[in-house]
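Okay, structure first, notes after.
The values are calculated or read from the model by the stated rules, or taken from the named source; none is laboratory data. In this text the structure is predicted, and so the values were computed from the model without any measurement. Positions of Cβ are backbone-derived with ideal geometry, glycine not excepted, and every protein chain shown enters the neighbour counts. These area figures cover heavy atoms from the full protein model, side chains too; ligands, DNA and RNA do not enter into them. Shrake-Rupley method; radii C 1.70, N 1.55, O 1.52, S 1.80 Å.
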Amino acid sequence: MASINIKSLNKFYGKTHVIKDFSLEIKDQSFTTLVGPSGCGKSTLLRMIAGLEEINSGTISINDKRVNDLSPKDRNIAMVFQSYALYPHMTVFDNMAFGLKLEKKSNEEINERVLDAAKTLQIQDYLKRKPKQLSGGQRQRVAIGRAITRKPQVFLFDEPLSNLDAALRVQMRIELAKLHEQLNTTMIYVTHDQTEAMTLSNEIVVLDEGEISQQGNPIELYNNPKNLFVAGFIGSPKMNFINSKVSSIDESRVEISVLGSNITIPKKINKYDDDDIIFGIRPEDITITDGSDYDFQGKAYVVEKLGSNTFIYLDNEGDPIVIEASGDSLIKVGDGVKIKFDLNKTNLFNSKNNFRVD
């Protein structure tokens, strides 16, 4: 097992500063996900941990041992790629055994490790097949099995599910979660899919342009995003953001004007001297009402029926307001909809620097 300590890491491609003075501690046996939009540096960071990318400055330590100058094979790390990277001319067994043969393990140990990994991943019936005879999900299991056979101290996953269809992604998320419980090994997972990050991780690191925007457990990031970027990235559909005006502030509440309504939020906020503020609320924290007491009324212009729930998009200047309703909602496109905000579930952000103020 292994802990990883990254200190003041920097990476340049020419004049482009991709990873910016990056520091992070990854706990032993944790499942840590690096998440962020394309180009934020998450895959580059993973490849530097693996030894596949040169480090311009800073240090990476595994179990307090500096590994900057160690080759990938000497770091005791296994990496699973998005493209599977299987040898097409080899059988599943030979693909899984290949690394062990390079390490000159005995045939008995190779057979034992491959069969154990295949049993864990339920691919023992495919050991004589070649990759072209497997589905995408089965190929990904083989790629993971090849990593398991090496018994590494750290597993690295670089967007391993992005080539799979939606049903297979759900199935493989479950398999990966079970695998972490069984192996109890440190895992670092890279994805741009916040659903994968939320469901798999016990620690999420949100990256934005080569820097940590926020890190913490999934529920902490979902309920208490520290800035507008995290609030918009974690959650699907994303949090609603509404430009608002501050009316008054005291020690226990904030009065703001939102969409023409004056509302009182029962929260203490940091000192705030600006009139403008960004009001954030998630779709599930908005309710539909038929009464005279409502905070906003708009027209539904998109209705997404997803079975167990319905997402209703209300017309609004700028971004639409998204509401999560029950699956049996009768609201249709063109209907007028009155809504109420759950004032205990609101988020307030500084309109100048986009940081949370409540």
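Going by a ≥ b ≥ c, the root eigenvalues of the Cα gyration tensor, does the stretch 211-358 fall in the rounded group (a/c under 1.5), the prolate group (a/b larger than b/c) or the oblate group?
On the way: a/c = 2.04, a/b = 1.35, b/c = 1.52.
The shape class here is oblate.
What are the residues whose amide H is under 5 Å from the amide H of GLN82, where those residues sit 5 or more places off or on another chain and H is modelled from the backbone?
Answer set, sorted by chain and number: ASP158.
All other residues with a Cβ under 15 Å from the Cβ of ASN309 taken together, and with Lys, Arg as +1 and Asp, Glu as -1, what is their net charge?
Details: positive: ARG282, LYS305; negative: GLU284, ASP285, GLU304, GLU324, ASP328.
Around ASN309, the surrounding residues sum to -3.
Of the accessible area of the stretch 61-137, with the probe set at 1.4 angstrom, what percent is carbon plus sulfur?
Values: 2210 of 4690 Å².
Its accessible area is 47 percent carbon and sulfur atoms.
If only Cα atoms are counted, what is the Rg of the chain, and what is its Dmax, in Å?
24.3, 78
Would you please name the GluC sites (Glu not before Pro) within the stretch 209-317 that are DSSP coil residues with at most 13 other C-beta atoms within 10 Å of their C-beta? Before the final figure, lay out each step's value.
Working: sites: GLU209, GLU211, GLU220, GLU251, GLU255, GLU284, GLU304, GLU317; in loops: GLU209, GLU251, GLU317.
Filter output for the stretch 209-317: GLU251, GLU317.
What dipole magnitude, in Debye to the nearest 20, does the stretch 198-352 give about its Cα centre under +1 on Lys/Arg Cβ and -1 on Asp/Glu Cβ?
On the way: 15 positive and 25 negative charges, 38 e Å.
Dipole of the stretch 198-352, to the nearest 20 debye: 180 debye.
Give, rounded to the nearest 20 debye, the magnitude of the charge dipole that the stretch 70-132 has about its Cα centre when Lys and Arg contribute +1 at Cβ and Asp and Glu contribute -1 at Cβ.
The dipole of the stretch 70-132 has a size of about 240 debye.
Could you give me the ³J(HN,Hα) list for the stretch 224-236, computed from phi with Karplus coefficients 6.51, -1.76, 1.60 and θ = phi - 60°, whole Hz, x at Gly and Pro?
9, x, 7, 8, 5, 4, 5, 4, x, 8, 8, x, 9
In whole percent, what relative contact order does the stretch 179-251 give with Cα contacts below 8 Å and a gap of six or more residues? Please list the in-between numbers first.
Details: 55 pairs, mean separation 14.0, N = 73.
In percent, rounded to a whole number, it is 19.
Taking H placed 1.01 Å from N in the peptide plane, check which residues at least 5 places from PHE296 or on another chain put their amide H under 5 Å from its amide H.
Under 5 Å from the amide H of PHE296: ILE339.
Please check: in the Gaussian network model of the chain (C-alpha springs, under 10 Å), which one of GLY36, GLY145, GLY137 has the largest mean-square fluctuation.
Of GLY36, GLY145, GLY137, the Gaussian network model singles out GLY137 as fluctuating most.
Under the Karplus relation 6.51 cos²θ - 1.76 cosθ + 1.60, θ = phi - 60°, what is the ordered set of whole-Hz ³J(HN,Hα) values for the stretch 341-354, x standing for Gly and Pro?
8, 7, 6, 8, 10, 8, 9, 10, 10, 5, 6, 8, 10, 6
Using a probe of 1.4 angstrom, how much of the accessible area of the stretch 199-284 is carbon and sulfur, in percent?
On the way: 1640 of 4020 Å².
Carbon-and-sulfur percentage of accessible area, whole number: 41.
In debye, nearest 20, what is the charge dipole magnitude of the stretch 141-244 about its Cα centre with +1 on Lys and Arg Cβ and -1 on Asp and Glu Cβ, if you could check?
On the way: 9 positive and 12 negative charges, 83 e Å.
Around 400 debye, computed over the stretch 141-244.
Would you grab the residues whose amide H sits under 5 Å from the one on PHE12? Only those 5+ places off in sequence or on another chain, please, with H modelled 1.01 Å from N.
Those qualifying (amide H under 5 Å, at least 5 residues apart or on another chain) are VAL18, ASN56.
Taking springs between alpha-carbon atoms closer than 10 angstrom, which of ILE123, ILE286, ILE331 fluctuates most in the Gaussian network model of the chain?
Highest fluctuation among the options: ILE331.
Choose one answer from LEU70, LEU156, LEU207: the residue with the largest mean-square fluctuation in a GNM of the chain with alpha-carbon springs under 10 Å.
With Cα springs under 10 Å in the chain, the top fluctuation among LEU70, LEU156, LEU207 is at LEU70.
How fast does the stretch 25-70 diffuse by Stokes-Einstein, in µm²/s, taking the Kirkwood radius from C-alpha pairs at 10 °C and 1.306 mPa s? Display every interim value, and only then the final one.
Working: Rh = 11.9 Å.
This corresponds to a translational diffusion coefficient of 134 µm²/s.
Tally Lys/Arg at +1 and Asp/Glu at -1 over every other residue whose Cβ is under 15 Å from the Cβ of ILE212; what's the total?
On the way: positive: LYS7, LYS11, LYS20, LYS42, LYS226; negative: ASP21, GLU25, GLU203, ASP208, GLU209, GLU211, GLU220.
Net local charge, ILE212 excluded: -2.
With every protein chain present, what is the per residue accessible area of the chain (1.4 Å probe, Å²)? List each step's numbers first, then the result.
Details: 17470 Å² over 358 residues.
On a per-residue basis, the chain sits at 49 Å².
Provide the gained length on full extension for the span ASN224 to ARG66, in nm with one decimal, where the gain is 0.36 nm per separating residue minus the Cα-Cα distance.
Computed gain between ASN224 and ARG66 is 53.4 nm.
Choose one of LEU161, ILE288, ASN227: the residue whose Cα lies farthest towards the positive end of the charge dipole of the chain (beta-carbon charges +1 Lys, Arg; -1 Asp, Glu; about the Cα centre).
It is LEU161.
Give a quick list of trypsin sites (Lys or Arg not before Pro) in the stretch 187-258 that DSSP marks as loop, anything other than H, G, I, E or B, with at most 16 other Cβ atoms within 10 Å.
On the way: sites: LYS226, LYS238, LYS245, ARG253; in loops: LYS226, LYS238, ARG253.
Here the sparse-neighbourhood loop sites are LYS238, ARG253.
What number, rounded to the nearest 500 deg cm²/dmol, is the helix-based mean residue ellipticity at 222 nm of the chain, given -39500 (n - 2.57) per DSSP H run of at least four residues and division by all its residues?
Numbers: 8 runs with 86 residues, N = 358.
So the calculated ellipticity at 222 nm is -7000 deg cm²/dmol.
How big is D for the stretch 1-145, in µm² s⁻¹ as a whole number, if Stokes-Einstein is applied with the Kirkwood radius of its Cα pairs at 25 °C and 0.890 mPa s? If you can, show how the numbers build up before the last one.
Numbers: Rh = 17.2 Å.
Rounded, D is 143 µm²/s.
Using a cut-off of 14 Å between beta-carbons, work out the net charge of the residues near ILE281 (Lys and Arg +1, Asp and Glu -1, ILE281 not included).
Details: positive: LYS238, LYS267, ARG282, LYS340, LYS345, ARG356; negative: GLU284, ASP285, ASP295, ASP319, GLU324, ASP342, ASP358.
That sum, taken over residues with Cβ under 14 Å, equals -1.
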